[in-house]
Amino acid sequence: MSETMNSSDITLVLKAWSSGKKESADELFPLVYDELKRQARIFLSRERSDHTLQPTALVHEAYLKLIDQNRVDWQNRAHFFGVAATLMRRILVDYAREHAAGKRGGAAQRLSIDDVDISVEQYATDLLELNTALEKLAEIDERKATVVEMRFFAGLNEKEIAEVLEVSEKTVRRDWNFARLWLFRELSQTSI
């Protein structure tokens, strides 16, 4: 099946779902599964190496949250994957919070100083800092934060983001460049 055909199939199913056809959620899953799994792999490739969540589990957890969305007027494929990216990010942030809470004694484990791998624990902190920075950016300019989510987390391209946000590709490019610089500065300040 061509990507264009797949895209229009997804959009038709999403529109049916938005209009109240609950069984459309079941039709949707096989159409979006491969792309959701690709997104999950991208997310998890940025996670610490010992992360316990697997791409399949992340996809299923995100999809369960997606089908619980009752009042979404799904616009198209890109809109759906943008929302999916946001949900996956939130799931991973929740896991990072649990990990950070665990390292503060919730699941205490005795290790010798030679066994400690700082990068594993640092990653959970980094993800939480990125999430906090994105939330701050959203307070300043929600569209720029959305562009970051859709591009960085969902892997959508400028054209797809422009379509979802109903802006030009040039605007998406400007938002992306601004947001990257802003996030770099924000995260540099928190690590000082």
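Can you find a residue that is of a type in the set (Val, Ile, Thr), open to solvent by less than 20 Å² (accessible area, probe 1.4 Å) and either in a loop (DSSP other than H, G, I, E, B) or modelled with pLDDT of 85 or more (or both) anywhere in segment 38-52? Before you say what the answer is, go through the steps one by one.
Let us first name the residues in segment 38-52 that are of a type in the set (Val, Ile, Thr), namely 42, 52.
Checking the rest, the ones that are also open to solvent by less than 20 Å² (accessible area, probe 1.4 Å) come to none.
No, the conditions are met nowhere in segment 38-52.
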* Asked: Can you tell me which residues in segment 133-192 are more than 25 Å from residue 91 (Cβ to Cβ), among the aliphatic types (A, V, I, L, M) and part of a loop (DSSP other than H, G, I, E, B)?
  -> 167, 192
* To do: Looking only at segment 6-18, decide whether some residue is surrounded by 15 or more Cβ atoms within 10 Å (Cβ to Cβ), farther than 23 Å from residue 150 by Cα, modelled with pLDDT of 80 or more and out of contact with any Lys or Arg (no Cβ under 8 Å at 6 or more places or on another chain).
  => yes
* To do: Select from segment 78-116 the residues that are more than 18 Å from the chain's Cα centre (by Cα) and open to solvent by less than 20 Å² (accessible area, probe 1.4 Å) and write down the one among them that is modelled with the lowest pLDDT.
  => 102
* Asked: Counting only residues that are under 23 Å from residue 44 (Cβ atoms) and either in contact (Cβ under 8 Å) with a residue 40 or more places away in the chain or surrounded by 17 or more Cβ atoms within 10 Å (Cβ to Cβ) (or both), how many does segment 138-176 have?
  -> 15
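The values are calculated or read from the model by the stated rules, or taken from the named source; none is laboratory data. Given the structure is predicted, the values throughout are model-derived calculations rather than measurements. Cβ sites come from the backbone with ideal geometry, for glycine too, and all protein chains shown count toward neighbours. Ligands, DNA and RNA are stripped out before the accessible areas are found, and what is left, the full protein with its side chains, is counted by its heavy atoms. Shrake-Rupley method; radii C 1.70, N 1.55, O 1.52, S 1.80 Å.
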